[in-house]
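Each remark here refers to the structure printed beneath this line.
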C-alpha cells in the first residue's frame, strides 16, 4: 500500500512509461512433492495477496512485458507462457480506486482509471525458481493450489480460469516439460496429471498413452534404491515434445 508521496511518485512514473488502461497478471504454476503450487505476492501493509503482475511499457510488446514481469519475480529467463484471457469487468479494480481515492484527485491518480488485465499462465520448474518480491511487496511465496490465501481484486477468478485452461490444454497438448525435473518416473508424471485434472487415472492406460505420444525417452537403468522393484526413469524428447505442442495430441483425459 502506498503512502501519499509514494502514490504521487508512482503515478508520475506510470503516466510517463506505461500504457494506460492495460495491465498483466500471471498465474505461475509449479509442481513440488505431489502438489500444484501457485506463486503469490503480499503487498506491504496489506493483508491480502495478489498475483505477480505489472504494466506494459509504451514501446514494449505485450509478450515481452509478461516475460519481464516474471523474470523479476522468478529469476528465470525462459518461461513457458500462455495468454489465456482478458479480464475487463468495470469494477474489477475498484478496491484499488477506493484505497487511494482520498490521496489524489481522480485526474492525477493513475489508479482511478479502468484497467483491462491480460491473463497469462506460466509453467515453471519449482526448484529453479527464486521467488522475489518487488519494491511494493514484502513477500513472494508459493502456495498449494488447495490452500490459497485471500487474493485481492479478481485474482482468485484469474487463477480458476488459468487452471480451467490448463486442464483443457491437456486434451490436445503435452504438459510436463516445464514442471517436472529432468528425469522422473512414470508414477511421478501421472501424479502431475492427476493433480491438474483433480481425478485418478488408470495406471496402465496412462502409461500406454504417454508412451504412444512418442515424447518420452526411457533411461537404460532404473532408479536406484528402495525395497521394491526400482521404476525406470524417463525424460522428455524435446524435439518430439515441441512438435506435439505445435501439432497437438489426439484424445482427452
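No value in this document is a laboratory result; all are computed from the given coordinates. From a predicted model like this one, the values you see are computed outputs, not experimental measurements. Cβ placement follows ideal geometry from the backbone for every residue including glycine, while neighbour counts extend to all protein chains displayed.
Between 0 and 90 degrees, rounded to the nearest ten: what's the tilt of helix 62-74 against the longest Cα principal axis of the chain?
Computed tilt is about 80 degrees.
Working out 0.36 nm times the residue gap between residue 201 and residue 235, then minus their Cα-Cα distance, what length gain in nm do you get to one decimal? Walk me through the numbers on the way to the answer.
Details: separation 34, 0.36 × 34 = 12.24 nm, distance 2.04 nm.
Stretched out fully, the residue 201 to residue 235 stretch lengthens by 10.2 nm.
Could you give the length gained by full extension between residue 157 and residue 64, i.e. 0.36 nm per residue of separation minus their alpha carbon distance, to one decimal place?
31.1 nm
Test of understanding: ordering 199, 37 by Cβ neighbours within 10 Å, fewest first, what list do you get?
On the way: 199 10, 37 20.
Ranked by crowding around the Cβ, least crowded first: 199, 37.
How many angstrom lie between the Cα centre of segment 85-142 and the Cα centre of segment 38-72?
Cα centroid of segment 85-142 versus Cα centroid of segment 38-72: 7 Å apart.
When each pair of different Cα atoms in the chain is counted once in the 1/r mean, what is the Kirkwood radius in angstroms, to one decimal? Provide the component values of the computation, followed by the final result.
Details: mean 1/r = 0.0501 Å⁻¹.
It is 20.0 Å.
Helix-only estimate, please: 222 nm mean residue ellipticity of the chain, summing -39500 (n - 2.57) across DSSP H runs of length 4 or more and dividing by its residues, to the nearest 500.
For the chain, the value works out to -10000 deg cm²/dmol.
If you line up the long axis of helix 203-212 against the longest principal axis of the chain, both from Cα atoms, how many degrees apart are they, to the nearest 10?
So the helix axis and the longest Cα principal axis differ by about 80 degrees.
Give the Rg/Rh ratio for segment 184-247, taking Rg as the radius of gyration of the Cα atoms and Rh as the Kirkwood radius, to two decimals. Mind dumping the intermediate values first?
Values: Rg = 12.8 Å, Rh = 12.9 Å.
My calculation puts Rg/Rh at 1.00.
Once you have the Cα-Cα distance between residue 213 and residue 80, take 0.36 nm times their residue separation minus that, and quote the gain in nm to one decimal. Please report the intermediate quantities before stating the final value.
Working: separation 133, 0.36 × 133 = 47.88 nm, distance 2.04 nm.
That works out to 45.8 nm of additional length.
So what is the relative contact order of the chain, in percent, for Cα pairs below 8 Å that sit 6 or more residues apart?
About 22 percent, as a whole number.
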